[in-house]
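A quick write-up on the structure given underneath.
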Amino acid sequence: MKPIAHFSAAMLASAHTFAGTHDVRYYINGINVRPALGGGVIITATNGHAIFTCRDPEGWCKEELILAPAKPLVSAARKKAAGLFVAADNGTGMVIDKIQSSDPENSKHEIAHTQLASPTATTALGTLELIDGTFPDAPRVIGGFTETNKPIVMSEIYVAQMKATFSRLSELNFPALDIRSGERQMLVRCSDPKVQAAVLVMGMSVDPLPPFNTDWMAKPSAKRRVRVVAGGKVDGGEYREQTEAQAL
């Protein structure tokens, strides 16, 4: 049993949020992992409406592949104690805790080999499926984004997903979202410059919001007292309040 890929468990959890589920395009029901040009790996997932991609500079994979990890692995990867995700050539996956993954005396690759040979009690195990297919080209899709000044509304569900995604990847307590609108797309990045990740939300409405009406905030006109004269008499009569608009 040998590792075929290993990378940040937090990135596995974040990518899985955007992976397809029971989609007829079977190849998007998994997470794509491929070698990065500058070293490390690129992790990508899409559900057809949004595409997420990030880079782990310390990750490694033997070749490009599409992984579909079982729920126990994803659940373990979402925990704060999760450190390293490892995929093996026999369909086994594991999530190694953060303390073991940060062992200064061993490289990530050595840690992966050691844990696969003899996993410790703190290591979560599970199965994973290797999907044979061609994954969408993330650089081409996201690289084609062009920013415009057209307002686009993002659903609350996606906003919550973005916040959880980038909070998991950033060391900052409350990283902000950098949201840019395009023709029919929205590009979301993290305010933390150390996080190499982006989400492109596709198929959003470009209809501008209606102008904000402030009529309901208007103050009533000043009131004044006017004399109501009965029977044509100048003297006497009753007083009542009347706005300037009513007087006109």
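Remarks
- For the criterion of being crowded, with 16+ Cβ neighbours inside 10 Å, on the phi < 0 side of the Ramachandran plot and out of contact with any strand residue (DSSP E or B) (no Cβ under 8 Å at 6 or more places or on another chain), Arg189 fails.
- Among the criteria (1) in a loop (DSSP other than H, G, I, E, B); (2) open to solvent by less than 100 Å² (accessible area, probe 1.4 Å); (3) of a type in the set (A, V, I, L, M), the one Leu116 does not fulfil is (1).
- If the condition is being assigned to a helix (DSSP H, G or I), of a type in the set (D, E, K, R) and surrounded by 13 or more Cβ atoms within 10 Å (Cβ to Cβ), then the stretch 134-186 contributes Lys163, Arg168.
- Meets criteria (closer than 21 Å to Gly20 by Cβ, open to solvent by 30 Å² or more (accessible area, probe 1.4 Å) and of a type in the set (S, T, N, Q)) for Thr127: yes
- Candidate set: the stretch 77-113, residues that are over 25 Å from Leu172 (Cα atoms) and touching a helix residue (DSSP H, G or I) at 6+ places or on another chain (Cβ under 8 Å); chosen: the one surrounded by the most Cβ atoms within 10 Å (Cβ to Cβ): Val86
- Residue match in the stretch 16-30 (condition: open to solvent by 10 Å² or more (accessible area, probe 1.4 Å), at pLDDT 95 or above and of a type in the set (Val, Ile, Thr)): no
- Residue list for the stretch 12-28, filter: touching a helix residue (DSSP H, G or I) at 6+ places or on another chain (Cβ under 7 Å) and not in a loop (DSSP other than H, G, I, E, B): Leu12, Ala13, Ser14, His16, Thr17
- The lone exception for Gly38 - which of (1) within 21 Å of Gln100 (Cβ to Cβ); (2) of a type outside the set (Ser, Thr, Tyr); (3) open to solvent by 20 Å² or more (accessible area, probe 1.4 Å) it fails: (1)
- Hey, Ile99 hydrophobic (A, V, I, L, M, F, W, C) and within 21 Å of the chain's Cα centre (by Cα) or not: no
- Every pair of residues 6+ apart whose Cβ atoms lie under 8 Å, when the first sits in the stretch 165-177 and is farther than 18 Å from Ile51 by Cβ while the second is at pLDDT below 90 and among the hydrophobic types (A, V, I, L, M, F, W, C): Ser167/Phe174
- Checked against (1) modelled with pLDDT under 90; (2) outside any loop (DSSP other than H, G, I, E, B); (3) surrounded by 10 or more Cβ atoms within 10 Å (Cβ to Cβ), Ala198 passes all but a single condition, namely (1).
The values are calculated or read from the model by the stated rules, or taken from the named source; none is laboratory data. Nothing here was measured: the structure is a model prediction, and the numbers come from that model. Note: ideal-geometry Cβ built from the backbone for every residue, glycine included; neighbour counts use all protein chains shown. With ligands, DNA and RNA removed, areas are computed over all heavy atoms of the protein, side chains included. Shrake-Rupley method; radii C 1.70, N 1.55, O 1.52, S 1.80 Å.
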